[in-house]
Amino acid sequence: MATSVDLSHYVTADGDGLARIELVVENVASAAAIGVVEQAVKAIAGMREARLNFTNHRLSAAWEPGRVDPAEIVAALDRAGHPAHPFRRADAEETEARHARWLMRCLAVAGFAAMNIMLLSVSVWSGNFTDITPETRDLFHWLSALIALPAAAYAGQPFFRSALNGLSERRMNMDVPISLGVLLALGMSVAETLLHATHAYFDSAVMLLFFLLCGRYLDHAMRRKTRAAAGNLAALKSDFALRIGPDGAPVAVPVGALAPGDRILVRPGDRIPADGRIADGVSLIDESLVTGETLRREAKAGELVHAGSLNETGALTLEVTAAGEGTLLDEVERLIGQASAARNAYVRLADRVSRSYSPVVHLTAAATATGWILAGASVHDAIVIAVAVLIITCPCALALAVPTVQVVASGALFRSGILLNSADAIERLAAADTIVFDKTGTLTLPEPRVANAAAIDPSLIALAARLALSSRHPLALAVAREMPSARPIPGASETSGQGVRAIVDGLETRLGSPSFCDVRVAETELPGGDSCIAVRHGEARALIIVRQALRRDAVETVAGLRAAGYRLAILSGDRPDAVAPVAHTLGIADWRGGCRPDDKIAALAALKEAGRCVLMVGDGLNDAPALAAADVSMSPIAAADVTQARADAVFLGERLAPVSEALQAARRARMLMRQNLGFSLLYNLLAVPLAMAGLVTPLVAAAAMSGSSVVVTLNALRARGRPAAPRQSDASCEASGEPAWT
């Protein structure tokens, strides 16, 4: 790799003056690989940083310029058994899709083989109690072998490869005992078939693979959803910009070629490609996805605008202040990456358990075989008993204990309009004791609504809605929503920045700014944070107040969460005067407006340092880093794509109730997970001694293993009930005072 690809093209400079490269690392099947990869890179002289994100298998490495050749990093990783490639977004997405298809093929092969082998095994079992001949039994065993051996060779690849990688790195992972148990069961079955024995264990080995592949595919499918954030962020970035040359003519250049001081032209309808200061022009700017600000901002010369914002109405000439890695959009992406990497603590904890589990299983099987040989048993009998121990201790029920509950609970949540993006979202939702809301699009509906429609003459509102269809102004769109069946007025014309006019029944009708409609606005008519648009038909006039409407059940839902003991707060990128009335209406004392992404992360960090488990609920692009940094997160379906990708759960519709429903369902699911894990532990405590005593054959061990899997699956089905509102006893937080942010 180092000799065939020039890696210098993939090296960038960060804000600390360090050279940095991002690589996609292979063979990261378990969290133990994190330490192996990072240590292999950090061992290179001059290397300052190496961080592997287990979720997307992406390594970020930084070093002092001139001291490290990036080819050394790839070579070191290759020696450690983890080949690496430069990160290319399209390649990474294709690799993920290819891996998902491969896991599904393995699962399909294992399932098909298990069903057919079980048909043959049932015939043998029933025949052993009746009149089956040895020749017929041997034939059925050989047919089972013809199905099982190639099927296991293919379907077992996810476990065999992981086990080989672990052994090559001189470490044990959970796939080592799984692979050993499968191979020994297959080998013993072939030997028993050659010896014309009564029993063979091909069904045990293939069923074991099938059950474990179910859990692995579900885990991969749910984790894969969380890897879309970078691709969605890229959708907000422009590939090209119109740079103004010395002769004043705009020339299309890649955004990466821009430098601070360059002047660029941004046309109406284009996304702004770089952070910059307006040198010339006036336009309405939609920054809702970037900063969380609800109202379109009228931007003029001298004001700063951010990459990713949408230029709506006028042409702008910008002087670039930051491009490429220095923009606010790239800061959001960097914050998301850091927050995602921090979540690897969950994975590291699981891997510590697996590192302890594997040696114990192997030592138990080896001690069993040795003990029986010393007690005078034959090597054949000792190996059969050891294989039974390996099969019966296989972590099948343990592996299914959590995924089965997740799948069933996910289905119940889906029926309630809640979609899970993260494999461990349920456990983390159940642990939450503090809820932090964004305002715009979360507590409020994503689109502004008319607040005083009932106080205006219906015929005037109807005319306003018809005129509004001839404008793209956001306030006009809010008026148009009042009458979805309205039809536009023929001949209506728009005056840029003022409003729309038309002749209706011989009278001039206008919709637009109060001055355009000759309507005076008293301070008492327009509460803080509201916007207004006026309508005039002849001498009839009205002021239409537009505001972000609360979700219809927001007051009830927030009251229920407070009664259940959850601590509540609001962190919003919107103006403080727009946040204050919402916080007052909902009775939330702790709130802050005008928050940047790093402000939200800092506030969440303060809560976490105080021992709180935080659920963040938000919808804007500026919420994405906070969603990634929180212990658990949710967003509405109307949220920005990037935000949905970072959220652990997404809820549908205009209700806020799914937040409380998800919390209640998560607590119930956590209870069932604990029951399943407790049963798995009890099963091993009872079954292992019996297997070690030679009272369990590999066939019975496989049946017991399958039976334990059935039990945890049936228990998981109890999570199908529809979530209810949280009760007072469901919350785990104390009633002590909340941290004051205002």
For the range 449-547, averaging the sequence separation of alpha carbon pairs under 8 Å that lie six or more residues apart and dividing by its residue count, the contact order in percent is 28
1/(1 + (r/R0)^6) with r = Cβ-Cβ of D131 and S168, R0 = 35 Å, i.e. FRET efficiency to nearest 0.05, evaluates to 0.10
Length gained if R161 through I637 is fully extended, taking 0.36 nm per residue and subtracting the Cα-Cα distance, is 167.5 nm
Net charge near P250 (other residues with Cβ under 11 Å of its Cβ; Lys, Arg +1; Asp, Glu -1) is +2
With 0.36 nm assigned to each residue of separation and the Cα-Cα distance removed, R562 to R596 gains 9.6 nm
Under the rule rounded for a/c under 1.5, else prolate if a/b exceeds b/c, else oblate, using alpha carbon gyration tensor axes a ≥ b ≥ c, the range 7-87 is classed as prolate
A correct Karplus calculation of ³J(HN,Hα) over the range 550-560, with 6.51 cos²θ - 1.76 cosθ + 1.60, θ = phi - 60°, whole Hz and x for Gly and Pro, returns 4, 4, 4, 10, 4, 4, 5, 5, 4, 4, x
Listed with the fewest Cβ neighbours within 10 Å leading, D505, D286, D280 appear as D505, D280, D286
Sequence order, the range 128-134: Karplus ³J(HN,Hα) from phi using 6.51 cos²θ - 1.76 cosθ + 1.60, θ = phi - 60°, Hz rounded, Gly and Pro as x, gives 5, 9, 10, 9, 5, 8, x
When E303, E135 are ranked with the fewest other C-beta atoms within 10 Å first, the list becomes E135, E303
HN-Hα couplings for the range 649-657 via Karplus (6.51, -1.76, 1.60; θ = phi - 60°), in whole Hz with x for Gly/Pro, come out as 8, 10, 10, 9, x, 9, 8, 9, 4
Between L568 and residues 5 or more places away or on another chain, the pairs with built amide H atoms under 5 Å apart involve I435
Residue span R472 to W102: 0.36 nm per residue of separation minus Cα-Cα distance leaves a gain in nm of 128.5 nm
Between Q498 and A462, the FRET efficiency computed from the C-beta separation at R0 = 30 Å comes out, to the nearest 0.05, as 0.85
Non-local residues with an amide H under 5 Å from the amide H of V504, with H modelled 1.01 Å from N and Pro and chain starts lacking one, are T509
Listing D577, D648, D590, D275 by rising number of other beta-carbon atoms within 10 angstrom, fewest first, gives D577, D590, D275, D648
Given a Förster distance of 45 Å, the FRET efficiency implied by the Cβ-Cβ spacing of E508 and A580, rounded to the nearest 0.05, works out to 0.70
Long-range amide H partners of D262, meaning residues 5 or more apart or on another chain whose placed amide H is closer than 5 Å, are V320
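No lab work stands behind these numbers, since they all come straight from the coordinates. Here the structure is a predicted model, which is why all the values come from computation and not from measurement. Neighbour counts are summed over all protein chains in view; Cβ atoms, including those assigned to glycine, are modelled from backbone coordinates with ideal geometry.
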